[in-house]
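These notes concern the structure reproduced below.
Just so you know, all these numbers are worked out from the coordinates, no wet-lab data involved. Not measured: the values here are computed from a predicted model. Ideal geometry is used to build each Cβ from the backbone, glycine not excepted, and the neighbour counts take in all protein chains shown.
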Amino acid sequence: MKVSASFLSSRDLVKDLRALDLTDVDYIHLDIMDGKFVNNKTMPYSELKNIYKYTSKRLDVHLMVEDPEKYIPLYATLNTEYIVFHVEVDKDITKLLKMIKQYGIKAGLSIKPNTKVNELVPYLPYLDMVLVMSVEPGKGGQAFIEESEEKIKEVRELLKAYNIPAVINVDGGVNDNTISKCRDADIVTAGSYIIGSDNFQTKISSLR
Ligand code: DX5
Ligand code: ZN
């Protein structure tokens with residue numbers, strides 16, 4: 001299992017990013033919120049772009065925004081491996097996925113807990129990642145929604161049926177108790193479980 005670390009609940013970004021850089025974590029999960037698609041708002045790009053100073057890890061960018069087109073060109077310039085936005089946005093999704101790929105970056109879609117898996121079908125050929133939300137997007141530290149286990153399985157079946165080599169990432173409420181429900185995923189994203197501890201590496205290892 002690969003592990004991506006979300007620092008959304010960090011109180012000391014520089015310290016936590018430096019500490020994460022010393023672990024074997026696979027990705028830094030960068031949560032971007034616009035105050036519209038979700039209520040909360042994250043710090044602006046002008047500040048977030050500086051994270052390269054504290055970590056050499058590749059980024060897995062999660063856009064919780066209404067208008068991904070405004071954010072893709074910005075986050076494509078960082079040390080980014082994946083950019084993912086939400087299948088629920090009312091935009092030309094295929095065009096946006098192609099836009100991400102034009103930057104040479106892997107593209108993905110995230111799906112909220114109440115959205116049906118078959119909403120992904122029209123976009124499958126363009127997907128390198130499906131990010132299954134196991135909490136309502138918007139904030140860290142929420143409890144893992146139990147039904148997500150079934151959702152992950154459904155996404156796995158869908159990818160298999162259409163022969164799509166995309167990876168599955170699970171985001172929200174992942175910890176050493178809920179990891180058993182994520183066994184069908186390739187990557188898990190964990191925030192408060194890692195950042196809220198005093199030994200990041202132990203927590204990361206417990207999820208593998
Ligand atoms: C939720 C974010 C998640 C969150 C994960 O809206 O997309 O990435 O930070 O944090 P935990 O692991 O605390 O649920
Ligand atoms: Zn996220």
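The set of residues in segment 139-155 that are among the small types (G, A, S), buried (at least 16 other Cβ atoms within 10 Å of the Cβ) and under 20 Å from M33 (Cα atoms) contains only G140.
Summed over segment 52-107, residues that are closer than 20 Å to G138 by Cβ and among the small types (G, A, S) total 0. Give the residues of segment 1-10 that are among the hydroxyl-bearing types (S, T, Y) and either assigned to a strand (DSSP E or B) or without any contact (Cβ under 8 Å) to a residue 60 or more places away in the chain (or both), sorted by residue number. Listed by number, the residues that qualify are S4, S6. Would you say I194 is under 16 Å from the mean Cα position of the chain (by Cα), within 22 Å of Y75 (Cβ to Cβ) and assigned to a helix (DSSP H, G or I)? Yes. When the residues of segment 157-191 are narrowed to those that are over 14 Å from the mean Cα position of the chain (by Cα), among the charged types (D, E, K, R) and surrounded by fewer than 17 Cβ atoms within 10 Å (Cβ to Cβ), which ends up nearest to ligand 1 (Cβ to nearest atom)? Top of the filtered list is D176. When segment 98-142 is limited to residues that are within 16 Å of ligand 2 (Cβ to nearest atom) and polar (S, T, N, Q), the one that is farthest from S192 (Cα to Cα) turns out to be T115.
Number of residues in segment 11-51 that are assigned to a helix (DSSP H, G or I), loosely packed, with under 13 Cβ neighbours inside 10 Å and under 18 Å from the mean Cα position of the chain (by Cα): the value is 0. Every residue in segment 17-30 that is within 19 Å of G172 (Cα to Cα) and either basic (K, R) or in contact (Cβ under 8 Å) with a residue 60 or more places away in the chain (or both), please. Selection gives L20, V25, D26, Y27, H29.
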